[in-house]
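Every number in this text was worked out from the coordinates using simple rules, so none of it is lab data. No experiment lies behind these values; they were computed from the predicted model shown. Cβ placement follows ideal geometry from the backbone for every residue including glycine, while neighbour counts extend to all protein chains displayed.
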Amino acid sequence: MGLWNNLYILLLLHSNKNQSWCFSFTLYLSGSCSVSCYSSVFLLCAFVFSLTLLANSKLILFSFDKGPPIPLPTTLGRFFCFTFFPIKAQENPNSQNHFPKRDVATKVAIVGVLLHLYGYRNNMSPTLLLALYFVQLYLEIDIVASFFKIAVVIFLGCNLEPQSNKPYLATSLQDFWGRRWNLMVPAILRAAVYAPMRRVSERRMSSGWGLFPGVLAAFIVSGLYHELLFYYLTREVPTWEVTWYFVLQGVFTAAEIALKKKTTVTQPWQLTPAVSRLLTVGFVFATGVWLFAPQLVRSGVLERYKYEEVLFVDFIKQKFITLLGIFLTSVKSFNGV
């Protein structure tokens, strides 16, 4: 019933957006009841992230004519999709956009290799295993986003903004979190948290420093969002480790911005791109091992997710072998005739 309630709510919102803030909390409650029925890590994570977290933020922004899904989608179907799913229509469509076959095939092959390597996890260090999990997470998000993009192009006739933009090439924390990793979330936080907090801060301090409270507030809200997500995944009392992870990222990102401002004015200098990328990705990973991953490891969520993937791959293999057998049998029968 939760899903149908949400559809009904969105139908009302589409006809009267000024009342969307009234229904946002109802959407959250019905979504929360719905996600409690899922035991699959993948489905639970996708449902909580898309519906309980992002959809509510989008609807709140929508009620104030800010952020997605502004501008208003032309059809009700598009309104549902752009509200439910972590997607955004491409503002400047490019006729040269195409499905990256080679890129996706390479990523699928790498994921296959990683799944095979997990069979030797008893011989791996915990840090190496976590690194493989993070790489796998990034690859799978990109793979799913690529196939989802095809479905959207077919059924809605519009192209999408990329889900991520090669985060391993980030040269700074600001670049990583703001322009490369999970781009839908920064777009929401920028409109819902950063911009209002910056406007309030600039009334009490100089405009040059008003952005720092906005940056910290955005990371704190992101941490609380992830804390709620972890609660649904682990069903355990929050430890606040993941919140502190994002607080730490916010503090260092703000410090990085301040350092850039100071060095640009007094003594311009910069590291080489290779060193910047190594430091950025290394910091995100090291702090992730320290604060982001432990709760998932202790609760067994990562092991459950890996087990689900192995079952899914085995299912696909069995179906492929079955279909191949049927095809070969049909060919033999045809040749015999």
Inset, instruction - Among A286, P213, N182, pick out the residue whose Cα is farthest towards the positive end of the charge dipole of region 164-299, where Lys and Arg carry +1 and Asp and Glu carry -1 on C-beta, about the Cα centre. - result: P213
Legend entry - Cleavage-rule hits, GluC sites (Glu not before Pro), region 205-310, DSSP coil, Cβ neighbours within 10 Å at most 14: E236
Inset, instruction - Would you mind checking which residues have amide H under 5 Å from L160's amide H? H placed 1.01 Å from N; only 5 or more apart, or other chain. - result: Q90
Legend entry - Potential lengthening between I321 and E236 on full extension [0.36 nm per residue; Cα-Cα distance subtracted]: 26.6 nm
Legend entry - HN-Hα J in Hz across region 301-310 - Karplus 6.51, -1.76, 1.60, θ = phi - 60°, x for Gly and Pro: 5, 5, 5, 5, 5, 5, 5, 4, 5, 4
Legend entry - Loop sites in region 175-207: trypsin sites (Lys or Arg not before Pro), DSSP, at most 11 other Cβ within 10 Å: R203, R204
Inset, instruction - Please go through the residue pairs K58/K88; K149/K317; K107/K166; K101/K149; K107/K149 and name each one whose alpha carbons sit more than 18 Å apart in this structure. - result: K149/K317
Inset, instruction - For region 210-266, run through the trypsin sites (Lys or Arg not before Pro) and keep only the ones in DSSP coil with at most 16 other Cβ atoms within 10 Å of their Cβ. - result: R235
Inset, instruction - Quick one: dipole size for region 172-276, taken about the Cα centre, charges +1 on Lys/Arg Cβ and -1 on Asp/Glu Cβ, in debye to the nearest 20. - result: 480 debye
Legend entry - Residue (of V113, S164, V193) at the positive-pole extreme of region 76-208, dipole from beta-carbon charges: V193
